Amino acid sequence: MLTDIAVKRLKPQEKPYRKADSGGLAIRVLPNGSKLWQFRYRVGGKESTLSIGPYPEVSLAQARAARDKAKAELRANRDPNITRKQEKAAAAGVKNRLQSIGEDWLKANMGRWTPKHGGQVRSTLEQFVWPKLGNVPVAEITPPMILAVVRSIENQAAVETSRRVVRGQKE
């Protein structure tokens with residue numbers, strides 16, 4: 001097993017090399033002096049490597065904790081690399097909120113519209129849609145939620161606006 005002092009003393013060589021800790025955890029030393037924590041494991045008979053992070057940003061204790069977490073994933077029959085990708089996707093969920101996607105849609109379409117129409121579309125979204133659904137992840141938006149927004153627009157005597165919000169177009 002490695003110690004923090006032993007990791008600090010690892011020197012670069014002409015070719016990359018690995019120094020094992022325990023339980024599949026190792027540190028990879030590159031010729032440029034970089035040191036990277038890795039965890040090797042098998043899923044379905046195939047070997048995989050989970051990159052944990054660079055030393056000293058990730059300490060020996062943190063690397064061992066990450067290894068233990070990955071082993072728990074393996075015991076639950078989940079691939080730690082896939083779990084990590086799912087966690088990153090969830091963390092990036094802000095990008096999947098309706099307002100964020102809507103802003104991208106507006107930018108993509110502003111060039112095809114007149115400035116007046118583009119301003120009306122933006123104003124409608126900012127006034128009626130973003131306050132109610134802007135922070136909701138797109139995957140969680142349900143038809144009843146959309147209907148509630150449309151009904152609230154209709155209740156303000158803006159039937160034509162509600163129709164345009166539903167259709168997403170200008171006629």
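The values are calculated or read from the model by the stated rules, or taken from the named source; none is laboratory data. No experiment lies behind these values; they were computed from the predicted model shown. Note: ideal-geometry Cβ built from the backbone for every residue, glycine included; neighbour counts use all protein chains shown.
Within segment 32-46, being touching a residue at least 12 places away in the same chain (Cβ under 8 Å) and exposed (fewer than 12 other Cβ atoms within 10 Å of the Cβ) holds for Asn32, Gly33.
A quick yes/no check of all residues on (1) part of a loop (DSSP other than H, G, I, E, B); (2) touching a Ser or Thr at 6+ places or on another chain (Cβ under 9 Å); (3) closer than 15 Å to Asn81 by Cβ; (4) of a type outside the set (D, E, K, R):
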position	(1), (2), (3), (4)
Met1	yes, yes, no, yes
Ala6	no, no, no, yes
Gln13	yes, no, no, yes
Ile27	no, no, no, yes
Asn32	yes, no, no, yes
Trp37	no, yes, yes, yes
Thr49	no, no, yes, yes
Arg64	no, yes, no, no
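Per the conditions (1) crowded, with 16+ Cβ neighbours inside 10 Å; (2) touching a residue at least 40 places away in the same chain (Cβ under 8 Å), the sole criterion not satisfied by Val29 is (2).
Please work out if Lys71 is under 30 Å from Thr161 (Cβ atoms) and either assigned to a helix (DSSP H, G or I) or more than 24 Å from the chain's Cα centre (by Cα) (or both). The answer is no for Lys71. Can you name the residue in segment 9-26 that is charged (D, E, K, R) and in contact with a Pro (Cβ under 8 Å, 6 or more places away or on another chain) and is also surrounded by the most Cβ atoms within 10 Å (Cβ to Cβ) among such residues? Checking each candidate, the answer is Lys15. Determine whether segment 92-115 contains at least one residue that is modelled with pLDDT under 85 and of a type in the set (Val, Ile, Thr). Checking segment 92-115: at least one residue is modelled with pLDDT under 85 and of a type in the set (Val, Ile, Thr).
Residues of segment 15-39 being among the aliphatic types (A, V, I, L, M) and farther than 11 Å from Ala63 by Cα, which ones? Listed by number, the residues that qualify are Ala20, Val29, Leu30. Of the candidates Ile82, Ile52, the single residue that is under 30 Å from Lys19 (Cα atoms) and either surrounded by 17 or more Cβ atoms within 10 Å (Cβ to Cβ) or touching a residue at least 40 places away in the same chain (Cβ under 8 Å) (or both) is Ile52. Once segment 114-158 is narrowed to residues that are touching a residue at least 40 places away in the same chain (Cβ under 8 Å) and under 25 Å from the mean Cα position of the chain (by Cα), the residue that is surrounded by the fewest Cβ atoms within 10 Å (Cβ to Cβ) is Ala139.
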